[in-house]
């Protein structure tokens, strides 16, 4: 499916990126095509894995999570990577987990209520996972912007 998007596919993706709840009929009207064509194209894009799911974006601060941090995790040995990631997934405040290159093996995104809560997550949960050698945490003061990749 890579780079095999025609004009209609790209416009559908742009419409859904701006509002995943937009009615297919509204997209069809805006693009001046049939409603069934929109349904077919979205199914094709979903089947190909281009569209994974439609989800709501929650405002973490309004939900009481005022501390956002990125944490790099060093492992005792590379063989611990998979088991550490499985344990990290059990911690609900960790919303993203990535294998990375460089000084860390894993980089995670944590949302905590405050700094004290963040400390508990790190010291009472993350540091106790077998295979974790150490962490470095970077607190994010604010998000300048966040967006999806461009549709070309």
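Can you tell me the FRET efficiency between residue 79 and residue 142 if r is taken as the Cβ-Cβ distance and R0 is 35 Å, rounded to the nearest 0.05?
FRET efficiency, residue 79 to residue 142: 0.40.
Exposure proxy check: 5, 56, 111, 138 ranked by fewest other beta carbons within 10 Å?
56, 138, 5, 111
P(r) tail for segment 7-47, what percent of Cα pairs lie past 15 Å?
For segment 7-47, the fraction of Cα-Cα distances above 15 Å is 28 percent.
First check a/c for segment 61-140, with a ≥ b ≥ c the square roots of the eigenvalues of its C-alpha gyration tensor; if it is under 1.5, answer rounded, and if not, answer prolate when a/b is larger than b/c or oblate otherwise.
Details: a/c = 1.97, a/b = 1.77, b/c = 1.11.
Prolate is the answer for segment 61-140, as a/c is 1.5 or above and a/b outweighs b/c.
What's the angle, to the nearest 10 degrees (0 to 90), between helix 7-18's Cα axis and the longest principal axis of the chain?
Here the helix axis deviates by roughly 50 degrees.
What order do you get for 118-129, 32-43 when each peptide is scored by the mean count of other beta carbon atoms within 10 Å, highest first? Provide the component values of the computation, followed by the final result.
On the way: 118-129: 15.8, 32-43: 14.2.
Ranking the peptides 118-129, 32-43 by packing returns 118-129, 32-43.
Which value in nm describes the separation of the simple spin-label points at residue 17 and residue 50, placed 7 Å from the Cα toward the beta carbon?
1.2
For segment 38-112 and segment 134-152, compute the distance between their C-alpha centroids and round to whole Å.
12
Using alpha carbons only, how many degrees (0 to 90, rounded to 10) separate the axis of helix 35-47 from the longest principal axis of the chain?
Roughly 30 degrees between the two axes.
At 222 nm, what value in deg cm²/dmol follows for the chain if DSSP H runs of at least 4 each add -39500 (n - 2.57) and the sum is divided by all its residues, to the nearest 500?
-10000 deg cm²/dmol
So for the chain, considering every pair of alpha-carbon atoms, how many percent are separated by more than 29 Å?
Every Cα pair in the chain considered, those over 29 Å come to 40 percent.
Here, each number is a calculation from the coordinates, and none is a lab measurement. Since we're looking at a predicted model, the values are computed, not measured. Glycine also receives a Cβ, built like all others from the backbone with ideal geometry; neighbour counts cover every protein chain displayed.
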